[in-house]
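Okay, so here's the structure we're looking at.
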Amino acid sequence: MALRNKKLIIGIGRVGAIIADRASSRGENVIVLDHKESAFRRLDETFTGFKVVGEATDINLLKQDCYIDSVEEVVISTGDDNTNLFLAHLCAMIFKIPKVYVRFDDPDKDILINGVANVKAIYPTDLTANKFFSIEAEGDK
Amino acid sequence: MIVVIANGNLEAAYVIDSFKEDRHNKIIVINSDRTIADYLRNHKHVDVYVGSPWRSYALEEAGVYDADLFVSLSDNDTDNYVSCILAKKVFNVRKCICLVKNPDNVEIYKQLGIDSVISSTYLLAQNIKTESLEGRLIRSMNLDSNKIVMVEATLLSRYRICNKPIMEIGFPSYANIAYIMRGEEFIIPKGNVILKPRDTLVIACSKRDEKELTKYLTQRASAKDLQKNIASQIEKSLSKIKEKDPQEEGNKPLEKEAPAEEMKKEATKPSKNKKKPAK
């Protein structure tokens with residue numbers, strides 16, 4: 001079995017770029033994947049990871065160019081919830097990646113991701129709402 | 001049967017037609033595009049629920065619970081995947097059929113829990129391949145996403161297995177003859193059926209054994225075998241003649257002997273005259 005020591009980040013939007021930059025500056029072995037090359041402009045100049053341009057749903061691309069078999073941790077944050085869900089299922093159930101983090105805009109997606117081992121979902125909508133209430137509560141004090 | 005047809009344009013229209021023929025079917029149509037929904041409503045006279053089939057509230061409002069069949073026909077592979085998984089896992093649909101563009105997705109989607117995955121690109125490529133092979137002696141058709149192949153082989157007289165009963169040819173155990181076409185006639189392959197030139201065998205085997213099978217089928221008969229074949233056929237036909245009229249034999253022995261000698265001469269020549277004595 002291949003040694004798992006890489007971090008794969010799929011979808012380099014604002015969130016993906018921040019995570020990639022920080023992981024890279026900590027010395028981690030980072031691979032970033034986006035379907036547009038222009039997305040990589042968001043990355044810092046000091047980013048030292050490996051950049052791949054292509055569709056994330058292409059299994060052969062994941063296997064050959066992203067070395068998915070040696071990935072230990074994957075962060076999925078493309079703009080499309082359905083793509084994110086499929087990739088999360090794929091990474092956890094087929095490629096058996098030990099740590100899968102996935103972002104969903106739609107909190108309803110939790111019914112399909114709950115119970116899948118090794119997957120942790122992040123919902124920006126919930127986080128924002130929670131943050132709002134905590135700030136509001138602080139203001140009331 | 002409750003059938004749910006999610007998304008899709010013309011495909012949806014055709015599928016609706018095919019299920020409408022049976023009056024017992026209850027058809028639920030969901031489409032995320034309003035213009036397509038209007039088209040389907042006006043032309044196919046069915047109720048169409050406008051909504052995205054990958055959202056649980058859309059499926060809930062459309063009443064998809066416990067449906068027998070869920071068909072997802074959208075252009076986007078992942079949309080189809082999520083719709084099917086949602087219907088299967090949350091709405092307890094009995095069987096899901098998912099349409100995909102990328103043939104690589106077929107196996108993956110099945111592993112992830114979708115019952116049936118159809119790749120339009122794959123089917124198109126297969127059809128093109130089959131059409132282009134028209135007229136070849138051995139052609140094959142892939143079934144069940146590349147695992148099983150149906151091989152159609154037309155036999156030539158120079159093949160080793162020709163003119164022998166099936167039980168004697170040592171047919172490989174990894175393949176199975178489904179049926180034999182002899183002209184307009186269909187023959188069920190049994191051990192005593194003798195394979196003849198121009199017979200078309202329809203054989204099922206797994207994809208990895210296809211090459212091996214082709215090799216086996218096209219083995220040439222040795223020159224000795226060919227001669228033996230011809231000789232044995234002549235003998236058979238002679239014995240038939242003898243059986244037919246045993247009384248005449250005694251009366252006209254000379255006449256009978258002459259053709260027999262001719263035939264034996266022919267036997268030394270290779271396959272050209274082979275069919276004559278058989279008939």
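The values are calculated or read from the model by the stated rules, or taken from the named source; none is laboratory data. Being a predicted model, the structure only gives us computed values, none of them experimental. We place every Cβ from the backbone using ideal geometry, glycine too, and count neighbours over all the protein chains shown.
Those residues that are part of a helix (DSSP H, G or I) and in contact with a strand residue (DSSP E or B) (Cβ under 8 Å, 6 or more places away or on another chain), I need them from region B:171-215; list them, please. Within region B:171-215, B:LYS207, B:ASP209, B:GLU210, B:LEU213, B:THR214 qualify.
In summary, B:ASP104 fulfils each of the numbered conditions (1) in contact with a Leu (Cβ under 9 Å, 6 or more places away or on another chain); (2) closer than 25 Å to A:ALA56 by Cα; (3) at pLDDT below 95; (4) of a type outside the set (Gly, Ala, Ser) with the single exception of condition (1). When A:PHE95, A:PHE40 are checked against the criterion of being surrounded by fewer than 19 Cβ atoms within 10 Å (Cβ to Cβ), away from chain B (no Cβ under 14 Å) and not basic (Lys, Arg), A:PHE40 stands alone in meeting it.
Filtering region B:40-53 to residues that are exposed (fewer than 15 other Cβ atoms within 10 Å of the Cβ), touching a helix residue (DSSP H, G or I) at 6+ places or on another chain (Cβ under 9 Å) and assigned to a helix (DSSP H, G or I) leaves only B:HIS43. Taking B:ALA37 as the residue in question, decide whether it is closer than 25 Å to A:ASP105 by Cβ, over 29 Å from the mean Cα position of the chain (by Cα) and not in a strand (DSSP E or B). Yes. Kindly check whether there is at least one residue in region B:26-34 that is touching a Gly at 6+ places or on another chain (Cβ under 9 Å), within 14 Å of chain A (Cβ to nearest Cβ) and of a type outside the set (Asp, Glu). Yes; the residues of region B:26-34 include at least one that is touching a Gly at 6+ places or on another chain (Cβ under 9 Å), within 14 Å of chain A (Cβ to nearest Cβ) and of a type outside the set (Asp, Glu). Can we say A:PHE47 is in a loop (DSSP other than H, G, I, E, B) and either over 10 Å from the mean Cα position of the chain (by Cα) or away from every other protein chain (no Cβ under 14 Å) (or both)? So A:PHE47 passes the test. Taking the criterion of being charged (D, E, K, R) and within 11 Å of chain B (Cβ to nearest Cβ), would at least one residue in region A:110-130 satisfy it? For region A:110-130, residues charged (D, E, K, R) and within 11 Å of chain B (Cβ to nearest Cβ): present.
Which of the residues that make up region A:55-96 are of a type outside the set (A, V, I, L, M), part of a loop (DSSP other than H, G, I, E, B) and touching a helix residue (DSSP H, G or I) at 6+ places or on another chain (Cβ under 8 Å)? Within region A:55-96, A:GLU55, A:THR57, A:SER77, A:THR78, A:ASP80, A:PHE95 qualify. Filtering B:VAL46, B:VAL82 for residues that are touching a strand residue (DSSP E or B) at 6+ places or on another chain (Cβ under 8 Å) and of a type in the set (A, V, I, L, M, F, W, C) leaves a single hit, B:VAL46.
For region B:142-170, residues that are part of a loop (DSSP other than H, G, I, E, B), in contact (Cβ under 8 Å) with a residue 12 or more places away in the chain and over 12 Å from B:GLU210 (Cα atoms) total 11. Among the conditions (1) aliphatic (A, V, I, L, M); (2) farther than 18 Å from B:GLU11 by Cβ; (3) over 28 Å from the mean Cα position of the chain (by Cα), the only one that B:LEU112 does not satisfy is (3).
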